[in-house]
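Rule-based calculations on the coordinates, nothing more; no lab input. Keep in mind it's a predicted model, so treat the numbers as computed, not measured. All Cβ positions, even for glycine, are placed from backbone atoms using ideal geometry, and neighbour counts span all protein chains on display.
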Amino acid sequence: MRLMRLAGVLGIISFLVTGTVFAQGGTAAKPPAAKPAAQPATTSPGAGPIIVVETEKGTFEFETYPNEAPRTVKHIVALVNKRFYNGQRVHRVVPGFVIQMGDPASRDMTKKAEWGRGGSGTPIGAAEFTKTRTHVLGAVAMAHAGDANKADSQFYVTLAPQPRLDGQYTVFGKIISGMDVVQKIAVGDRIIRATVREAK
């Protein structure tokens, strides 16, 4: 018993002096393995420019699909480059379904009752449906009020697969990093800025 107590005391002294924790049997326990470095987001074959959206909750990025939705991607990239989305707020969140943004009226908290009705004033003029790009988790697609040709600046991100939306809304991108941020976003969260970078 005295030997066991002595060994315990020595172990405590060793920890206090060297910072080493001893495992059962008197051998030094291995330090926890370092976490692997975060891997850079990878894009799909054929992906175009990447849209980077910085929000109050963090940053998310989505790739775009100019091969399947050329007019839509060109339109959205142009709006981002004009800083159209900067300062806007997310105006719609349906848990397990989508988050939605793109109404300039959302900058004004006094007009909250009107959020979701506005746009840039220049519709895309094309419904670019494809069987290649569908409503998987993290899909980015154009919102519209009943006519996909009149989609303008509002887009949404799916929070779960939504196959029933396929063939009704143009999917022009997909989240490649920050889906955890997307899942935390609430109505009224502000978009600090949106920018464009080329896919690597």
### Task
Assign unit charges at the C-beta atoms only (+1 for Lys and Arg, -1 for Asp and Glu), then state the dipole size of region 96-200 relative to its Cα centre in Debye, rounded to the nearest 20.
200
### Task
Figure the gain on full extension for Phe129 and Lys200 (residue separation times 0.36 nm, minus the Cα-Cα span) and round it to one decimal in nm.
23.0 nm
### Task
Starting at the first residue of region 130-142, write each ³J(HN,Hα) from the Karplus equation 6.51 cos²θ - 1.76 cosθ + 1.60 with θ = phi - 60°, in whole Hz, x for Gly and Pro.
8, 7, 7, 10, 10, 7, 7, 4, x, 5, 10, 9, 7
### Distance violations [Cα-Cα > 25 Å] among Lys82/Lys150; Lys57/Lys112; Lys57/Lys131; Lys131/Lys174; Lys174/Lys200; Lys82/Lys111
Lys57/Lys131
### Task
Just name one of Val77, Asn67, Val140: the one whose Cα is farthest towards the positive end of the charge dipole of region 50-197 (beta-carbon charges, Lys/Arg +1, Asp/Glu -1).
Val77
